[in-house]
Every structure is written in structure tokens, then in C-alpha cells.
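Novice: Structure provided below as C-alpha cells; questions to follow.
Since every read-out is calculated from the coordinates, none of them should be taken as a lab result. Everything numeric in this text was worked out from a predicted model, so none of it was measured. Cβ atoms come from the backbone with ideal geometry, glycine included; neighbour counts cover every protein chain shown.
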Amino acid sequence: MAQHAVLSSGSKLWRSVRCPKSELRLGLTLPGGQSFRWRETAEGHWTGVMGGRVWTLTQTEDTLWYHVYDQQENREKGKEMERRANVSFHGQSKTEKRFKERVKKEEQELPVGVQNTATEEEMLRDYFQLNVNLGDLYREWAAADPHFKNIADIFTGVRILRQDPTECLFSFICTSNNHISRIQGMVERLCQALGSPLCQLDQTWYHDFPALSALADSSVEARLRNLGFGYRARFLQQSAKQILDTREQDWLDSLRKVSYKEARDALRSLPGVGTKVADCVCLMSLDKSDAVPIDTHVWQIAKRDYKYAAGKEPKSITEKLHKDVGDFFRKLWGPYAGWAQSVLFCADLKKFKNLKEASHQKQPKEEENHQEEERSTECPTATVKREYSGTGKKLKSQSISHKKAKLSVKKEKAV
């Protein structure tokens, strides 16, 4: 059985991309509420599914390392696992049969072993949008926004992922009235129930994200309700069915080519997709960098840190409030406002509270050292002599040149 790869065990099976941590920090970007497919399987090592492949990612100071697993050895096991999972189905719909035929065809076309590394590197660059210079953006945001400047050095390297639109949309339908850890569990169960098995590592099976045809099957709602999806099960099935019945096959991908407003309005026509979910999908999979998702969490940031609309608390985030707050941040941060918002969102998560606390503890020491440097450089050519008062609590610092100046004054007075 294959195991999760670890860079320290040898780098022969790893590939690398030059990428400093200031441009990407895996530990902030992957668990920050954008994608729900990544897990930390060893310290600093993140394993997940992207583009129908299973990856482990890690990084050193200036390099992003990646390992893509060989799926061939697990394919027969996966087929058997899929057959057993389907025993409970008494009869299959035409949609489901078409899906299974397509999966079988795709499995036959999958590469054997880790091949075509140029393609995989391009997939990785595209997924993390490494063509965007994050350092330049951070400097622009810090210059325009004092609050952002205060947290920029602590939360460097937070990037927006460019996810598959289908995966992003149906993952975020699961986020309604939910929190990150629970969403992760739901998305994982969704993939296990309806996605094609890809690879088994250390007793853990990894599955591809389900195709639209699998999500649209009439049996899906009941099956997902049994898995704890509640009312979201209906939205998942109905949205998939509506897309298949009324849209072109590549409709979701085509939304990358239209305006932000057009893409958002199109997504909102689907069951279970409100403005916040639509904005998340626009930002994290449809190339709309100015989309600023507003939920209660971001609303609290706007009020607390930017004194936005101080006064009466709204009962809910209305369409107007969503637009007004989004426009406020777009005006402040510019065309990549959605990226800047993700940094603030990440900085406000409880899981990263320790980073803020460590920074606050470090700051007084740095200020003290800075003050000490200022004292020692007031007279560069002088040697500083320090004397303590009788209590030992107060520090008196006098330079030798300062003492000579005093003696000179005394002599002048005597004359």
C-alpha cells in the first residue's frame, strides 16, 4: 500500500517550482476556507485532489515542492470499491449509467505513473495563479490601507486559488450555515459517495470530485440526506440537474469569459446559490478578482476594523448591504479587492490566532531593541557608560563625551 510522501525521505520523486513563501504560504492558503480537499498529512505537507490527480505539496523558503501519486496500482481496487458501493442501488437511471460509462472511458485514458511533468507544473501554476505577483499587491494594499499594513507582515503569502468551477460551486453550496471543519467533512463524504476513486494512501482513499451527471441523478438527494447534508442535499441535486437540462456542457467554464456581474447573476439563478456563494465562486474559480464575498464574518471585520456604518446592527446582510460593503472595499483595494479580503478573512480565523499572539509578543521586544539602538547611536563615537541608581531599577546612561562637555562648562564658569 502506498504511503503519503514526505520530502525528507528523499526528493527523487518530487518536482519543484521556484516560489518564495512571500508569494505563497500553503499553511495559510489551503486551510483558509477556499478549498475543502486538502489535509495536512505530515508537518508542512498537504495532500489533496486537484485536476483528477492526488498531490502532496510542501515548501522550503524559496521552493514549492510537489509529488503526484501513481494511480495505476490503485485502479483495480478502486473499481472493486465502486462496484461494492453500487450494490445498494436497485436499478440505475440513464444519467447515472452515462456517468459510469464516461468514468470508465476516462480511467482508460489516465496516465500511468507520474508522467508529463510539464503539464502538472502548469496545472500547479494555474491552480495557485502564480502569474500574479502577490508582493506587489501587498505593497499596494498596505500603502492604501493602514489596517492591512498592520497585518501584512504576519499573513504573507495568502493567495486566491483558481479552482475547477464545478467543484467550487457545489462545495460552496455546502457552506450555507456551516463552518470550515464541518464543510470539509461534507465535501469529503460527497466525493466518497459520488466521485471516482483515485488513490489509497495509508488506509485513506482519495476520490475525484463528482461529475455533474453524478450529482444530478434522482437518487442523490436521499442519499446525501442520509449522509447528513440536510436541506443542502436538495440544492446540490437540483442545481446540477438544472445545469444539465438548461445549459451547455461547458456553461460553468464559459462564465470565466463574461463580466463579474453577469457571472454572479447567472450563478444566482441556481437553487441554493445566494449572493455570497456566487461571489465565492466568481472569485475562487471564475477569474473575478474584484468579487468580494460578504458574510457575517466579513461584515464584522468591516465594522470593527474600518468603522463601516457604525450604528444600528442590521438583522441580515441585505443585497444592498452586500453591494455597498463590496464597493467600499473595491474602492479601497482596487481590482484585486477579493484577494485582499481573503487576507483579512484568513487573519481573523481562530485557527490562526496563535500567529497574531506570537507577533504581539515579539513586537514589544523589537521596539525595545529599536530604542536601545537609537540610544547607542546618538553619539556614534562615544562609549556609553551605564550607571544604576541605588535601587537598581532606573538606568542612567551617560556618554564619555557628555561628561567631558560638563567638565568644560565647569572650567569656563571658574574662569
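Novice: Provide the FRET efficiency to the nearest 0.05 for the residue 249-residue 189 pair, computing r from the beta carbons and using R0 = 41 Å. All intermediate terms of the calculation are to be shown ahead of the outcome.
Specialist: On the way: r = 26 Å, r/R0 = 0.64.
Efficiency, from the Cβ-Cβ distance: 0.95.
Novice: Test of understanding: what is the full-extension gain from residue 144 to residue 323, defined as 0.36 nm times their sequence separation minus their Cα-Cα distance? Walk me through the numbers on the way to the answer.
Specialist: Working: separation 179, 0.36 × 179 = 64.44 nm, distance 2.08 nm.
Full extension of this stretch gives 62.4 nm more.
Novice: Let me ask something else about it. Using only Cα atoms, locate the centre of the stretch 218-269 and the centre of the stretch 170-184, then give the distance between them in Å, rounded to an integer.
Specialist: 15 Å
Novice: Here are some pairs, 241/353; 241/350; 21/331; 241/351; 257/353; which of them have Cα atoms lying more than 31 Å apart in this structure? The partial results should precede the final answer.
Specialist: Working: 241/353 41 Å; 241/350 37 Å; 21/331 28 Å; 241/351 36 Å; 257/353 38 Å.
Checking Cα-Cα distances, 241/353; 241/350; 241/351; 257/353 exceed 31 Å.
Novice: Tell me the relative contact order for the stretch 253-316 as a rounded percent, counting alpha carbon contacts under 8 Å between residues six or more apart.
Specialist: Working: 44 pairs, mean separation 15.4, N = 64.
Computed value for the stretch 253-316: 24 percent relative contact order.
Novice: Same structure, new question: Could I have the simple spin-label model distance between residue 268 and residue 308, label points 7 Å from Cα toward Cβ, reported in nm to one decimal?
Specialist: It is 1.7 nm.
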